[in-house]
Amino acid sequence: MKKIIIFDTTLRDGEQSPGASMDIKAKIEIAKQLARLGVDVIESGFPVASDSDFKAVKEVASLVKGPLICGLARAKKEDIDICAKAVVPAKKPRIHVFLATSEIHMKYKLKKAEDEILKQAAYFVKYARNFCDDVEFSPEDASRSDIDFLCRVVEAVIKAGAKTINIPDTVGYAIPLEFGNLIRTIKTKVPNSNKAIISVHCHNDLGLAVSNSLSAIQNGAEQIECTINGIGERAGNASLEEIVMGLKTREDMFKCATSIKTEELYKTSRLVSKLTGIVVQPNKAIVGRNAFSHEAGIHQDGMLKKRTTYEIMKPEDVGFGGTRLVLGKHSGKHAFKERLKKLGVDLSDEDLVKAFERFKNLADKKKEVFDEDLLTIVEDEIVSVPEVYRITGFEYRSGKDIEPRTTVELKKGNAVKKESSSGDGPVDACYKAIEKITGLKFKLLDYSLKAATGGRDALGEVSVRVASTNGVEVSGRGASTDIVEASAKAYVNAVNKFLFTKQRKPTQTP
Ligand SMILES: [Zn+2]
């Protein structure tokens with residue numbers, strides 16, 4: 001069976017989702033999970049964008065074994081030099097060079113004519129080959145480019161040494177039949193197209209990213225660029241889990257296979273959601289909370305008689321195993337560590353001590369501790385951005401005819417500051433106290449609270465999305481059995497993310 005190469009760009013395009021910034025530790029954790037999931041290529045960042053992007057790509061390249069590690073670069077010397085330094089520690093490095101080829105991008109963004117673009121693309125693909133054998137090229141906005149010009153560019157960059165040609169639908173404009181035809185045309189019209197892998201990268205602005213990618217496969221594409229949970233710029237990218245399960249469930253149609261261990265899909269989705277703060281919608285295909293729930297009585301009856309009456313995939317196939325009781329109050333550190341290992345989590349000794357302490361506290365409050373709880377604790381310890389502010393003290397009172405009042409103590413470096421405030425409810429009071437300490441004002445755009453597991457003693461997980469006065473949006477999350485404390489943690493996490501995001505320079509990418 002034909003193999004489809006799965007190129008995951010969660011750490012690059014996915015990280016460009018508004019508010020999704022992750023720090024190096026979070027990126028490494030996700031990259032390790034992507035390796036366990038069995039992706040072929042990890043695009044781990046855009047090294048020239050910032051120092052922290054550079055470091056993240058380099059660390060992933062040095063630490064993560066298995067997949068090919070790729071970095072993104074514009075068709076510029078500076079970008080390629082920096083990208084090369086970042087990916088070279090990998091056993092299998094790749095440099096991904098891009099340059100726009102559509103009239104609108106060439107005329108207004110790049111202010112260059114066709115011939116100049118053609119030369120620049122070929123020149124920098126060749127230049128990148130000095131550092132690494134594996135070079136990929138993307139003609140940005142390919143789906144809105146003139147087809148004859150696009151074919152000339154593809155031919156030239158293959159000649160210059162590109163081994164993969166990625167055709168992006170950068171703005172999510174294509175529709176499946178049209179996009180499939182584009183891939184077929186490139187495969188038939190470009191004389192040396194058989195010397196390169198043809199890849200696609202689809203955006204979801206019209207909700208067609210997965211459909212367009214599958215149509216491309218039916219027309220000869222061999223690599224798909226996608227992200228976990230479909231996160232990415234604007235409406236996001238093609239969702240990895242949907243592509244993979246589409247190919248697997250309809251193998252009869254596609255006659256293709258991937259190397260993905262599908263039982264790892266749900267866990268990966270969860271980890272990415274936690275570390276980016278982007279919540280998965282309940283009705284999301286494959287990994288949404290409701291993806292395998294049957295509500296209608298007639299469906300439930302059918303399911304009981306024979307599962308396949310209403311089920312085309314088994315929840316176990318994607319690792320949607322339900323919660324399992326694992327540990328209790330008397331479980332020791334060894335059992336804790338072993339269970340984490342089974343869940344695919346490998347913590348440093350220092351983090352393990354912190355996580356175990358959290359587990360003990362939780363087990364005191366909550367009789368039964370489930371896998372979901374353990375993952376929540378661990379994800380809390382893998383702080384997604386540097387902790388500029390940390391909560392060191394917390395107290396509130398509220399009730400009928402009592403004015404809600406919250407006192408918060410935050411630590412920044414060695415300085416500890418304490419403030420209290422009243423408000424419309426304890427959460428509002430708490431956010432006002434945090435505002436007093438940090439001096440940062442945010443508008444709360446979204447607030448959600450959910451239980452990590454069933455039961456009244458469950459850990460509460462709070463996600464917030466806030467906007468600064470100059471319009472920068474960030475998200476944050478926090479967990480605790482005390483929901484006001486979880487709310488405070490989520491808000492402080494958002495503050496820390498905001499401070500982290502400020503250092504980055506945004507750049508346009510495919
Ligand atoms: Zn993209």
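The values are calculated or read from the model by the stated rules, or taken from the named source; none is laboratory data. Since the structure is predicted, the reported quantities are computational estimates derived from the model, not experimental observations. Here the Cβ positions follow ideal geometry from the backbone for every residue, glycine too, while neighbour counts run over all protein chains shown.
For Glu222, the conditions (1) closer than 23 Å to Val279 by Cα; (2) over 16 Å from the mean Cα position of the chain (by Cα) are fulfilled apart from (1). For segment 216-239, a residue qualifies if it is part of a strand (DSSP E or B) and either over 18 Å from Glu136 (Cβ atoms) or away from the ligand (no atom under 13 Å from the Cβ) (or both), and the qualifying residues are Gln223, Ser239. Within segment 132-190, being more than 16 Å from the ligand (Cβ to nearest atom), assigned to a loop (DSSP other than H, G, I, E, B) and out of contact with any Asp or Glu (no Cβ under 7 Å at 6 or more places or on another chain) holds for Cys132, Asp133, Asp134, Ala160, Gly161, Ile175.
Just give me the residues in segment 174-200 being more than 19 Å from Gly161 (Cα to Cα), more than 26 Å from the chain's Cα centre (by Cα) and among the small types (Gly, Ala, Ser), in sequence order. Talk me through it step by step, then tell me what you get.
Restricting attention to segment 174-200, the residues satisfying the condition of being more than 19 Å from Gly161 (Cα to Cα) are 174-185, 188.
Subset that is more than 26 Å from the chain's Cα centre (by Cα): 177-178, 180-185, 188.
Once the filter is applied, which keeps residues that are more than 19 Å from Gly161 (Cα to Cα), more than 26 Å from the chain's Cα centre (by Cα) and among the small types (Gly, Ala, Ser), segment 174-200 yields only Gly180.
Does Lys418 count as basic (Lys, Arg), modelled with pLDDT of 95 or more and touching a helix residue (DSSP H, G or I) at 6+ places or on another chain (Cβ under 9 Å)? Judged against the criteria, Lys418 is a match. Just one of (1) over 22 Å from Ser199 (Cα atoms); (2) touching a Ser or Thr at 6+ places or on another chain (Cβ under 7 Å); (3) aromatic (Phe, Trp, Tyr) fails for Phe98. It is (1).
Once segment 369-414 is narrowed to residues that are in a helix (DSSP H, G or I) and β-branched (Val, Ile, Thr), the residue that is farthest from the chain's Cα centre (by Cα) is Ile377. Exposed (fewer than 12 other Cβ atoms within 10 Å of the Cβ) and touching a strand residue (DSSP E or B) at 6+ places or on another chain (Cβ under 6 Å): does that describe Glu403? Spelling it out, Glu403 is indeed exposed (fewer than 12 other Cβ atoms within 10 Å of the Cβ) and touching a strand residue (DSSP E or B) at 6+ places or on another chain (Cβ under 6 Å). Could you go through segment 193-215 and let me know if any residue there is away from the ligand (no atom under 15 Å from the Cβ), in a helix (DSSP H, G or I), in contact with a helix residue (DSSP H, G or I) (Cβ under 7 Å, 6 or more places away or on another chain) and of a type in the set (A, V, I, L, M). Yes - at least one qualifying residue is present in segment 193-215. Answer yes or no: is there a residue in segment 193-201 that is within 16 Å of Glu140 (Cα to Cα) and in contact with a His (Cβ under 7 Å, 6 or more places away or on another chain). Among the residues of segment 193-201, not one is within 16 Å of Glu140 (Cα to Cα) and in contact with a His (Cβ under 7 Å, 6 or more places away or on another chain), which makes the answer no.
Just a yes or no: is a residue in segment 47-61 in contact (Cβ under 8 Å) with a residue 24 or more places away in the chain, touching a Ser or Thr at 6+ places or on another chain (Cβ under 9 Å) and not in a helix (DSSP H, G or I)? No: segment 47-61 contains no residue that is in contact (Cβ under 8 Å) with a residue 24 or more places away in the chain, touching a Ser or Thr at 6+ places or on another chain (Cβ under 9 Å) and not in a helix (DSSP H, G or I).
Okay, residues lined up against (1) within 27 Å of Ala238 (Cα to Cα); (2) touching a residue at least 24 places away in the same chain (Cβ under 8 Å); (3) buried (at least 22 other Cβ atoms within 10 Å of the Cβ):
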position: Tyr127; (1), (2), (3): no, yes, no
position: Phe137; (1), (2), (3): yes, yes, yes
position: Cys151; (1), (2), (3): yes, yes, no
position: Leu177; (1), (2), (3): yes, yes, no
position: Asn181; (1), (2), (3): yes, yes, no
position: Thr185; (1), (2), (3): yes, yes, no
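Take the conditions (1) more than 17 Å from Ala490 (Cα to Cα); (2) touching a Gly at 6+ places or on another chain (Cβ under 9 Å); Gly413 misses just one of them, which is (2). Take the conditions (1) within 16 Å of the ligand (Cβ to nearest atom); (2) within 18 Å of the chain's Cα centre (by Cα); Ala73 misses just one of them, which is (2).
If you go through segment 415-437 one residue at a time, how many are in a helix (DSSP H, G or I) and among the small types (Gly, Ala, Ser)? Walk me through it before giving the result.
Within segment 415-437, the subset in a helix (DSSP H, G or I) is 426-437.
The next check asks that each one be among the small types (Gly, Ala, Ser); those that pass are 429, 433.
Selection size over segment 415-437: 2.
Can you name the residue in segment 1-34 that is more than 30 Å from Glu251 (Cα to Cα) and within 16 Å of the ligand (Cβ to nearest atom) and, of all such residues, is surrounded by the most Cβ atoms within 10 Å (Cβ to Cβ)? Show your work before the answer.
First, the residues of segment 1-34 that are more than 30 Å from Glu251 (Cα to Cα): 15-29.
With within 16 Å of the ligand (Cβ to nearest atom) added as a condition, the list becomes 15-18, 20.
Numbers: Glu15: 26, Gln16: 22, Ser17: 24, Pro18: 15, Ala20: 22.
Ranking the candidates gives Glu15 first.
Here Ala73 does not qualify as closer than 22 Å to Pro168 by Cβ, modelled with pLDDT of 95 or more, part of a helix (DSSP H, G or I) and among the small types (Gly, Ala, Ser).
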